[in-house]
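J.: Starting off with a structure, shown below.
The values are calculated or read from the model by the stated rules, or taken from the named source; none is laboratory data. Note that the coordinates shown come from a computational prediction; the quantities given were computed from them, not determined experimentally. So basically every Cβ, Gly included, is an ideal-geometry build from the backbone, and we count neighbours across all protein chains shown.
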Amino acid sequence: MAEIQTGPDRFKAPREVTDYFRDKTVRPRFSWLDVWGEEHAHAFTVAKATETELLGAFRQSLDKAITDGEGFETWKKGIREELERIGWGKARRVEDPAGIDKPRMVDFTSERRLKTIFWSNMRSARAAGQWNRIQRTKAALPFLLYVRTAASDPRPEHLVWAGLVLPVDDEFWNTHFPPNGWGCKCAVRQITRREADRLLSDGGITIDGEYVVVSRKRPAMKLKPFRNRRTGEVTQVPDGIDPGWHTNPGKARSKTLVNRLVEELETRGPETARNQIARLLDGPDVKVIANLKERVHLPVGVSPKLAGTMDAKVPLVTVSSDTIATKAAKHDPVTLDLLGRIQVVLDSGHLIDEGRGDSQRQIYIELAGLGWFKLVVKRSKDGYLYVSTFHQVRTERALKWIAKGEAESGG
């Protein structure tokens with residue numbers, strides 16, 4: 001994963017990179033341990049930045065740096081000026097709101113702290129974007145080659161993984177997709193099956209003047225328990241990976257989309273969540289999620305009315321990746337593009353109770369130029385709403401159920 005360049009040739013971030021960062025909710029916290037593992041995929045935090053204005057300044061400046069491809073020196077100059085403006089231009093005492101740790105004197109303008117903040121966010125966002133692209137192109141490029149770090153002082157544990165060739169969906173990448181620690185500059189290269197076979201046949205490859213042995217054999221994975229002293233949670237972390245970096249940013253983003261939208265609903269209301277969902281469904285994530293090997297839930301709509309009717313915990317409606325794949329294959333009109341119409345169905349469709357139990361409702365709607373459709377929403381055992389099916393139906397059947405529903409309700 002190449003470093004972001006400065007000057008005229010600097011990197012302009014693709015949407016999947018900027019979306020990863022922009023879709024995070026702001027979470028002021030005292031310690032990096034307060035936002036743990038996969039939470040980083042949907043929560044933005046800076047250790048010791050417990051004030052909303054301070055954290056917002058970092059978020060806004062990093063968003064610009066990621067979007068425009070700013071280098072560290074350019075970003076550093078801008079954020080130092082902003083920190084000075086809001087009163088954080090020198091070291092200040094920061095209290096721990098949770099009362100777990102003692103107060104600390106913190107200088108957010110220090111070179112070391114700024115480098116950590118900049119590169120950890122930059123590399124995570126780019127890793128998530130790269131994973132997104134890998135999932136979209138894995139049919140043609142089904143293998144990943146682990147490339148040794150570009151650092152002058154490489155970690156011996158990471159060098160062991162250099163030259164490893166494994167399928168894109170191998171479970172190894174759940175924990176070892178770089179970056180794999182603070183300051184880690186390791187990378188992966190996506191390759192064809194033919195190139196993978198050739199590299200394995202040749203036995204090695206020269207990268208940046210270094211000869212690396214190529215192998216399909218994964219090194220034995222040793223796990224070490226890590227206790228989060230802030231929460232007491234114990235996590236098994238692979239040896240050689242810094243605690244907190246043992247997740248795949250791109251995969252974590254897909255898995256935590258629901259968590260992020262629930263936070264949006266709670267903190268900023270249904271309208272903001274609706275806008276976020278519309279942007280999500282119009283972006284590159286949908287096809288990626290639909291093709292993931294494991295089940296992932298994709299938010300597709302918000303309906304306070306339906307949540308009230310079905311006694312759901314939150315008004316968020318989701319659909320699982322396997323449901324998308326199954327229904328798209330079975331019902332031709334149900335394409336990925338139609339997922340963006342589910343909010344219209346929830347808002348304007350005819351809500352019917354076909355008598356199939358309190359945990360499900362049916363919604364009928366006529367979509368212009370496409371005919372009548374039926375959306376079935378169910379409530380899970382733990383109280384969340386999800387799409388069970390969404391398919392085209394005959395006009396007579398739709399009108400029959402609508403007339404029956406109106407007669408029973410007196411409408």
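J.: Mind listing just one residue for me: the one in region 279-302 that is assigned to a strand (DSSP E or B) and β-branched (Val, Ile, Thr) and, of those, farthest from Gly129 (Cα to Cα)?
T.: This residue is Val302.
Residue by residue, here is whether (1) closer than 25 Å to Pro243 by Cα; (2) hydrophobic (A, V, I, L, M, F, W, C) holds:
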{"site": "Asp68", "(1), (2)": "no, no"}
{"site": "Glu73", "(1), (2)": "no, no"}
{"site": "Lys77", "(1), (2)": "no, no"}
{"site": "Arg92", "(1), (2)": "no, no"}
{"site": "Ile100", "(1), (2)": "yes, yes"}
{"site": "Arg104", "(1), (2)": "yes, no"}
{"site": "Trp119", "(1), (2)": "yes, yes"}
{"site": "Ser124", "(1), (2)": "yes, no"}
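J.: Which one of these is under 15 Å from His158 (Cβ atoms) and out of contact with any strand residue (DSSP E or B) (no Cβ under 9 Å at 6 or more places or on another chain): Gly240, Gly269, Gly250, Gly209?
T.: Sole residue among the options that is under 15 Å from His158 (Cβ atoms) and out of contact with any strand residue (DSSP E or B) (no Cβ under 9 Å at 6 or more places or on another chain): Gly240.
J.: Still on this model: Looking at (1) of a type in the set (A, V, I, L, M); (2) free of Cβ contacts under 8 Å to residues at least 60 places away in the same chain; (3) closer than 19 Å to Ser31 by Cβ, which is the only condition Ile117 fails?
T.: Every condition holds for Ile117 apart from (2).
J.: Within region 124-140, restricting attention to residues that are surrounded by 17 or more Cβ atoms within 10 Å (Cβ to Cβ) and farther than 15 Å from Ala187 by Cβ, which residue is farthest from the chain's Cα centre (by Cα)?
T.: Lys138
J.: Restricting attention to region 164-173, does a residue exist that is outside any strand (DSSP E or B) and touching a Ser or Thr at 6+ places or on another chain (Cβ under 8 Å)?
T.: Checked region 164-173: no residue is outside any strand (DSSP E or B) and touching a Ser or Thr at 6+ places or on another chain (Cβ under 8 Å).
J.: State whether the residues of region 305-313 include one that is under 16 Å from Leu339 (Cβ atoms) and not in a helix (DSSP H, G or I).
T.: Among the residues of region 305-313, not one is under 16 Å from Leu339 (Cβ atoms) and not in a helix (DSSP H, G or I), which makes the answer no.
J.: I would also like to ask the following. Say whether the condition of being part of a loop (DSSP other than H, G, I, E, B), buried (at least 17 other Cβ atoms within 10 Å of the Cβ) and modelled with pLDDT under 95 is met by at least one residue in region 97-105.
T.: Within region 97-105, not a single residue is part of a loop (DSSP other than H, G, I, E, B), buried (at least 17 other Cβ atoms within 10 Å of the Cβ) and modelled with pLDDT under 95.
J.: What are the residues in region 83-92 that are surrounded by fewer than 16 Cβ atoms within 10 Å (Cβ to Cβ) and either in a helix (DSSP H, G or I) or not assigned by TED's automatic domain parsing to the domain that holds Leu114 (or both), if any?
T.: Of everything in region 83-92, those that are surrounded by fewer than 16 Cβ atoms within 10 Å (Cβ to Cβ) and either in a helix (DSSP H, G or I) or not assigned by TED's automatic domain parsing to the domain that holds Leu114 (or both) turn out to be Glu84, Arg85.
J.: Determine whether region 107-116 contains at least one residue that is touching a Pro at 6+ places or on another chain (Cβ under 9 Å), of a type outside the set (Lys, Arg) and on the phi < 0 side of the Ramachandran plot.
T.: no
J.: Quick one: in region 194-232, which of the residues that are in a strand (DSSP E or B) and modelled with pLDDT of 90 or more is surrounded by the fewest Cβ atoms within 10 Å (Cβ to Cβ)?
T.: Pro225
J.: What number of residues within region 106-117 satisfy the criterion of being more than 20 Å from Gly244 (Cα to Cα) and either surrounded by 15 or more Cβ atoms within 10 Å (Cβ to Cβ) or not assigned by TED's automatic domain parsing to the domain that holds Leu54 (or both)?
T.: Counting residues in region 106-117 that are more than 20 Å from Gly244 (Cα to Cα) and either surrounded by 15 or more Cβ atoms within 10 Å (Cβ to Cβ) or not assigned by TED's automatic domain parsing to the domain that holds Leu54 (or both) gives 4.
J.: Among the residues of region 335-361, how many are within 29 Å of the chain's Cα centre (by Cα), charged (D, E, K, R) and surrounded by 12 or more Cβ atoms within 10 Å (Cβ to Cβ)?
T.: So the answer is 2.
J.: Can you tell me which residues in region 316-351 are modelled with pLDDT of 95 or more and part of a loop (DSSP other than H, G, I, E, B)?
T.: Gly349
J.: Between residues in region 349-362 that are polar (S, T, N, Q) and residues that are not in a strand (DSSP E or B), which pairs lie under 6 Å by C-beta distance while being six or more apart or on different chains?
T.: Between residues of region 349-362 that are polar (S, T, N, Q) and residues that are not in a strand (DSSP E or B), the close pairs are Gln362/Glu354.
J.: What are the residue pairs meeting all of these: first residue in region 152-166, first residue free of Cβ contacts under 8 Å to residues at least 60 places away in the same chain and crowded, with 16+ Cβ neighbours inside 10 Å, second residue of a type in the set (A, V, I, L, M, F, W, C) and assigned to a helix (DSSP H, G or I), Cβ atoms under 7 Å, and 6 or more apart or on different chains?
T.: The qualifying pairs are Val165/Ala196; Val165/Leu199; Val165/Leu200; Leu166/Phe172.
J.: What are the residues in region 362-375 that are crowded, with 17+ Cβ neighbours inside 10 Å and of a type outside the set (S, T, N, Q), if any?
T.: Of everything in region 362-375, those that are crowded, with 17+ Cβ neighbours inside 10 Å and of a type outside the set (S, T, N, Q) turn out to be Ile363, Tyr364, Ile365, Trp372, Phe373, Lys374, Leu375.
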